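The values are calculated or read from the model by the stated rules, or taken from the named source; none is laboratory data. The structure displayed is predicted, hence computed values, not measured ones. Ideal geometry is used to build each Cβ from the backbone, glycine not excepted, and the neighbour counts take in all protein chains shown. For the accessible areas, the whole protein counts, side chains as well, though only heavy atoms, and no ligand, DNA or RNA atoms are used. Shrake-Rupley method; radii C 1.70, N 1.55, O 1.52, S 1.80 Å.
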Amino acid sequence: MELPVIDLSSYLSVSDERDPRIQSLCAEVSRNLSETGALLVKDPRCTVEDNDRFIDMMEKYFSSPHEFKMLQERPHLHYQVGVTPEKVEVPRSLVDEEMQKKVKEMPQEHQPHTPVGADLKWRYFWRIGPRPSLTRFQELNAEPVIPEGFPEWKQTMDSWGYKMIAAIEVVSEMAAIGFGLPKDAFTSLMKLGPHLLAPTGSDLEKYNQEGTIFAGYHYDLNFLTIHGRSRFPGLNIWLRNGQKVAVKVPVGCLLIQTGKQIEWLTGGDCIAGMHEVVATKRTIDAINAAKEENRSLWRVSSTLFAHIASDAVLKPLGHFAESPLASKYPHLCAGEYVEQELAVINLKGKN
């Protein structure tokens with residue numbers, strides 16, 4: 001199945017959201033988020049050159065010596081800023097018995113790879129956007145960490161991060177309109193959220209066997225996740241109907257996936273999308289091509305997690321509060337929810 005590509009240009013160029021063309025486009029966005037949990041978007045403000053510049057810098061960083069990268073580690077802040085080394089983050093499917101049961105019930109061809117330990121990927125968390133001056137969740141809103149020797153770091157991270165947040169905000173407005181909610185139903189809750197530009201780095205020189213799991217089967221705990229195009233394939237996602245799809249992001253496009261917070265806000269109308277990153281035959285082919293061209297063998301994902309503000313309350317919005325499933329989503333502070341999830345995946349309480 002090919003995911004649909006939504007061109008955001010029309011929405012950006014039309015001021016009247018009541019325009020029938022805009023209404024139709026917004027309905028398509030909300031329908032795809034609800035029915036599949038994923039969609040591809042093309043945003044004229046996010047260029048191929050922007051993505052390449054970002055990936056070039058992250059390849060350079062991840063290929064730095066281990067000792068250097070560990071200087072940016074902040075375990076006492078739940079790894080919510082700076083670097084998270086490989087073999088720290090535990091995939092949800094490794095510790096969630098209910099999820100393991102559901103996996104076993106899947107048809108064989110749609111089952112994910114079975115993780116046997118913590119993820120082999122590195123990750124870097126970089127805050128995007130202003131933080132609240134007063135919050136109960138200081139560690140989720142900590143100051144960023146800048147590695148030495150990268151004078152372009154802040155400008156490159158902020159530039160790409162703000163552009164991807166802008167794309168998420170447009171999609172969030174369109175989804176709200178499509179769902180019959182006020183245009184700012186989601187974006188108003190995102191203000192001052194702990195948004196994270198969160199590139200991952202997987203060492204394909206070290207780990208290059210087909211079937212190697214870089215990020216085990218899991219969902220994202222945030223609102224919406226957006227990915228730029230990676231130079232190495234390997235991302236598998238699961239649609240709401242249980243179908244496993246190997247993602248192919250077209251050049252110049254961005255992939256958006258639903259996270260747990262939008263599931264909460266829609267009372268289960270949207271479901272947090274499951275995904276994994278593994279070395280496939282296509283990954284191995286890309287590794288061989290990179291070797292021939294003497295390119296970096298670090299697989300970098302240009303990923304951003306858009307969050308609901310830590311002190312905002314997660315609850316089904318508008319007509320979703322009347323949903324039969326709404327009782328499964330009790331009122332809960334977003335920061336409390338995030339801390340609960342971080343404890344499960346081993347990113348909280350480490351010192």
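Overview of results
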read-out	value
Base-10 log of normalised Debye intensity for the range 262-351 (one unit scatterer per alpha-carbon) at q = 0.10, 0.18, 0.21, 0.24 Å⁻¹	-0.47, -0.90, -1.06, -1.23
Relative contact order [Cα under 8 Å, 6+ residues apart], the range 220-296, whole percent	37
About the Cα centre, charge dipole magnitude for the range 1-101 (Lys/Arg +1, Asp/Glu -1 at Cβ), debye	160
Cα-based equivalent ellipsoid, the range 114-257: semi-axes from gyration tensor eigenvalues, Å	27, 23, 15
Rg followed by Dmax, in Å, when the chain is reduced to its Cα trace	19.2, 58
10 Å binning of all Cα-Cα separations within the range 1-94, expressed as whole percents from 0 upward	12, 25, 25, 25, 13, 1
Chain lengthening between Ser133 and Asn208 when straightened (0.36 nm per residue, less Cα-Cα)	22.5 nm
Stretch gain in nm, segment Glu105-Lys328, where the contour uses 0.36 nm per residue and the Cα spacing is subtracted	78.0 nm
Lys60 paired with Ala343, simple spin-label distance in nm, labels 7 Å along Cα-to-beta-carbon	4.2
Leading residue at positive end of dipole, the chain (Cβ point charges), from Leu33, Val83, Ile55	Val83
Average Cα contact separation per residue, the chain, under 8 Å, 6 or more apart, as relative contact order %	24
The chain - charge dipole about Cα centre, Lys and Arg +1 at Cβ, Asp and Glu -1, debye rounded to 20	240
Within the accessible area of the chain (1.4 Å probe), percent carbon and sulfur	51
Whether the range 84-127 is rounded, prolate or oblate, judged on the alpha carbon gyration tensor where a/c under 1.5 counts as rounded	prolate
Relative contact order [Cα under 8 Å, 6+ residues apart], the range 1-136, whole percent	20
Exceeding the 23 Å Cα-Cα cut-off - candidates Lys42/Lys291; Lys104/Lys244; Lys121/Lys315; Lys121/Lys206	Lys42/Lys291; Lys121/Lys315
Binned Cα-Cα distance frequencies in the range 246-310 - 10 Å width, integer %	15, 37, 28, 15, 5
Most positive-pole-ward Cα, Val171, Leu196, Leu224, against dipole of the range 153-280 from beta carbon charges	Val171
In nm, spacing of pseudo-spin labels at Gln243 and Val313 (7 Å Cα→C-beta vector)	3.9
Whole-angstrom gap from the range 175-197 to the range 260-311, using each part's C-alpha centre	22
Volume in Å³ per residue [convex hull over Cα atoms, computed for the range 40-99]	149
Order by protection proxy (mean Cβ within 10 Å, highest first), peptides 76-85, 287-296, 254-263	254-263, 76-85, 287-296
Debye, to nearest 20: dipole size of the range 117-230, +1 on Lys, Arg Cβ, -1 on Asp, Glu Cβ	280
In degrees, nearest ten, helix 334-344 long axis to first principal axis of the chain (Cα)	40
Å² per residue, accessible surface of the chain at 1.4 Å	43
Residues whose placed amide H lies under 5 Å from that of Ser64, excluding near-sequence neighbours	none
Cβ crowding within 10 Å averaged over residues, with 114-125, 214-225, 240-251 ranked highest first	214-225, 114-125, 240-251
Bins of 10 Å from zero: percent of alpha-carbon pairs in the range 172-264	12, 39, 34, 12, 3
